[in-house]
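Here is the structure we will look at, set down as structure tokens.
The values are calculated or read from the model by the stated rules, or taken from the named source; none is laboratory data. Predicted model, so just to flag it, every value in this text is computed and none were measured. Here Cβ is always computed from backbone atoms with ideal geometry, including for glycine, and neighbour counts include all displayed protein chains.
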Amino acid sequence: MTQWIEKYLTAQKAALDSIPAAGVAQLIETLRQALKEDRQIFVFGNGGSAANASHFATDLGKGASDKLGRRFRVLSLNDNVSWMTAIGNDYAYEDIFVRQLENYGRKGDVALSLSVSGNSPNCVKALEWAKKNGLRTIALVGGKRGRMAEIADQVVVVNDTHYGRAEDGQMGICHLLCYAFMENPELGK
């Protein structure tokens with residue numbers, strides 16, 4: 001078991017090392033601009049990526065906002081279960097995010113989606129709508145990149161196809177985005 005753990009950790013370190021610092025810096029600038037312009041930030045994903053989306057919204061909306069004295073307007077589209085199930089039941093599961101964006105999304109807002117495969121139909125559909133309607137689009141994806149990487153204005157790839165390692169990398173990126181503001185509050189000015 002120790003050998004398996006060591007091998008896993010070596011692969012995890014490689015996945016984390018694949019995260020491009022310049023790409024993350026660009027995302028920080030996009031969030032800084034959204035804060036400055038009082039834009040809404042929408043975040044969404046499936047499974048572990050949904051949990052990461054909710055965690056990110058909490059850290060940015062509470063943690064970073066508390067440190068800045070200004071509030072990020074961030075919303076995880078994963079967190080209204082009754083709305084998601086109504087949309088999934090009455091329309092289609094692939095519509096659970098796009099239908100929410102149709103209600104809330106406005107030109108200049110930010111749509112950030114997380115997916116290891118990069119091909120989640122509900123994330124793809126939401127990013128396509130967001131891009132078509134003038135939102136700034138971001139995709140955090142795994143090593144296969146997928147359709148989301150083709151659509152999004154900004155893409156950061158965790159270069160691993162293992163779901164656990166890629167999702168850990170996504171959360172690492174999300175923490176970098178939040179802690180950039182928590183530990184550098186001058187970014188909020």
Suppose the filter is of a type in the set (Gly, Ala, Ser), within 28 Å of residue 176 (Cβ to Cβ) and part of a loop (DSSP other than H, G, I, E, B); does residue 108 pass it? yes
List every residue pair whose Cβ atoms sit under 9 Å apart, with the two residues 6 or more apart in sequence or on different chains, where the first one lies in segment 139-150 and is more than 16 Å from residue 168 (Cα to Cα) and the second, anywhere, is charged (D, E, K, R) and at pLDDT 95 or above. 147/128
Can you tell me which of (1) surrounded by fewer than 17 Cβ atoms within 10 Å (Cβ to Cβ); (2) without any contact (Cβ under 8 Å) to a residue 24 or more places away in the chain is the one residue 84 doesn't meet? (1)
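Determine, yes or no, whether residue 122 is within 20 Å of residue 39 (Cα to Cα) and in a helix (DSSP H, G or I).
On the way: within 20 Å of residue 39 (Cα to Cα): no; in a helix (DSSP H, G or I): yes.
No.
Looking at 111, 92, which is the one that is more than 23 Å from residue 60 (Cα to Cα) and either at pLDDT 95 or above or not polar (S, T, N, Q) (or both)? Even if it seems obvious, please write down each step before you answer.
Numbers: 111 fails: more than 23 Å from residue 60 (Cα to Cα).
Of 111, 92, the one residue that is more than 23 Å from residue 60 (Cα to Cα) and either at pLDDT 95 or above or not polar (S, T, N, Q) (or both) is 92.
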Kindly indicate which of 140, 187 is in a helix (DSSP H, G or I) and either surrounded by fewer than 19 Cβ atoms within 10 Å (Cβ to Cβ) or hydrophobic (A, V, I, L, M, F, W, C) (or both). 187
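Among the residues of segment 24-41, are any in contact with a Ser or Thr (Cβ under 8 Å, 6 or more places away or on another chain), buried (at least 16 other Cβ atoms within 10 Å of the Cβ) and of a type outside the set (Val, Ile, Thr)?
No, segment 24-41 contains no residue that is in contact with a Ser or Thr (Cβ under 8 Å, 6 or more places away or on another chain), buried (at least 16 other Cβ atoms within 10 Å of the Cβ) and of a type outside the set (Val, Ile, Thr).
If only one of 19, 87, 28, 41 is part of a loop (DSSP other than H, G, I, E, B) and at pLDDT 95 or above, which one is it? Spell out the reasoning first.
On the way: 87 fails: part of a loop (DSSP other than H, G, I, E, B); 28 fails: part of a loop (DSSP other than H, G, I, E, B); 41 fails: part of a loop (DSSP other than H, G, I, E, B).
None of the other options fit; the residue is 19.
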Any residue that is on the phi > 0 side of the Ramachandran plot, within 14 Å of the chain's Cα centre (by Cα) and surrounded by fewer than 16 Cβ atoms within 10 Å (Cβ to Cβ) - is there at least one of those in segment 103-121? no
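Residues to consider are 9, 75; find the one that is surrounded by fewer than 21 Cβ atoms within 10 Å (Cβ to Cβ), aliphatic (A, V, I, L, M) and in a strand (DSSP E or B).
Residue meeting the stated conditions: 75.
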